[in-house]
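Values in this text are rule-based calculations from the coordinates and carry no lab data. The structure presented is a predicted model; accordingly, all values stated were derived computationally and were not measured. Here the Cβ positions follow ideal geometry from the backbone for every residue, glycine too, while neighbour counts run over all protein chains shown.
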Ligand SMILES: [Zn+2]
Ligand SMILES: [Zn+2]
């Protein structure tokens with residue numbers, strides 16, 4: 001079975017001997033590519049009562065607004081990853097205070113760990129993946145131009161626990177799968 | 001640079017063009033193997049005041065006791081993964097009630113999501129990765145034969161929030177890296 005996922009490397013889907021699940025195997029060198037869920041780390045960042053949002057310069061959803069978030073790298077903690085993403089996307093040195101939510105998007109096997117964070121000083125600017133970064137009051141948030149469902153969820157979940165210190169992290173809203 | 005991680009497939013470490021980080025590349029077919037943190041899902045499972053533990057039949061740490069836990073699979077939620085692992089390792093149908101902890105082991109880029117769960121009925125038996133499964137009161141837990149540091153942490157963190165319903169999930173104990 002050719003999968004069409006490229007013309008080189010692991011691209012044939014079959015069950016390797018001793019395994020029970022189909023994997024992508026390279027027909028030239030027999031390398032097996034074990035695919036695993038991917039972790040995204042990010043944060044709802046506030047300065048006073050305003051929210052830090054970044055306008056995406058890259059696909060998917062270029063031109064739409066998001067919270068700072070991205071793929072967790074090797075050898076970092078989720079907390080360090082969320083801080084790194086805020087630096088990369090908004091040149092923002094954030095302070096994380098709680099885990100706000102863990103969302104799952106099963107279709108693309110993505111797990112998002114979203115923290116609650118604040119900006120000690122209003123210093124920020126667009127990183128390479130953003131064309132603009134701004135602080136928005138709740139009523140100023142460009143709700144029609146939000147990049148992903150999980151950003152909607154995270155902003156609303158933030159409001160639900162504003163001022164609370166001990167709470168269980170949120171998960172997907174009932175029945176929501178996170179796909180656009 | 002040969003990495004010695006096998007004699008076929010992606011095994012040469014270099015920075016692909018357009019990238020900024022070293023990746024493992026296959027010298028035969030140029031396939032790039034993007035490595036990502038791995039997610040482990042599991043649960044501290046109780047029946048009454050006893051804890052469900054599994055004696056590992058496989059390496060690493062064969063013969064030592066663990067809570068049901070394993071790698072999250074594609075297209076499942078962390079909750080579903082934790083339930084699946086309890087079935088696979090202990091033939092146990094668990095009910096999950098809260099996220100107990102998120103541990104990180106940066107050296108091996110592993111993130112563990114450990115839930116708090118209960119067993120509605122005392123039905124369980126060893127799965128293929130266990131030689132034994134049992135219920136242990138706190139004082140009966142074989143503390144000297146626990147497989148991994150994270151199992152110690154999870155059992156102790158469970159005790160700290162016994163009876164509490166809204167709490168922030170624990171993380172690694174101060175300074176602990178999770179390596180044996
Ligand atoms: Zn190959
Ligand atoms: Zn190859």
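Numbers below:
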item	result
Shielding score for A:30-39, defined as the mean number of other chain Cβ atoms within 10 Å	6
Other protein chain Cβ atoms within 10 Å, averaged over every residue that makes up B:64-74	2
Volume per residue of the C-alpha convex hull in chain B, rounded to whole Å³	157 Å³
Using alpha-carbon coordinates, inclination of helix B:149-160 to the longest axis of chain B, degrees	40 degrees
Between helix A:78-90 and chain A: long-axis angle, C-alpha atoms, 0 to 90°, nearest 10	70 degrees
Segment B:38-160 - percent relative contact order, Cα under 8 Å, separation 6 or more	35 percent
Among A:48-54, B:41-47, B:17-23, the order from most to least packed when residues are scored by Cβ within 10 Å on average	B:41-47, A:48-54, B:17-23
Label point 7 Å beyond Cα along the C-beta direction, distances from residue B:88 to other copies (nm, shortest first)	2.9
Estimated distance in nm for a label pair at residue A:167 and residue A:143, the labels positioned 7 Å out from Cα along Cα-to-Cβ	1.8 nm
Whole-Å distance, taken between Cα centres, linking segment A:25-54 and segment B:147-172	26 Å
Share, in percent, of DSSP beta bridges within segment B:38-160 that are antiparallel, nearest 5	70 percent
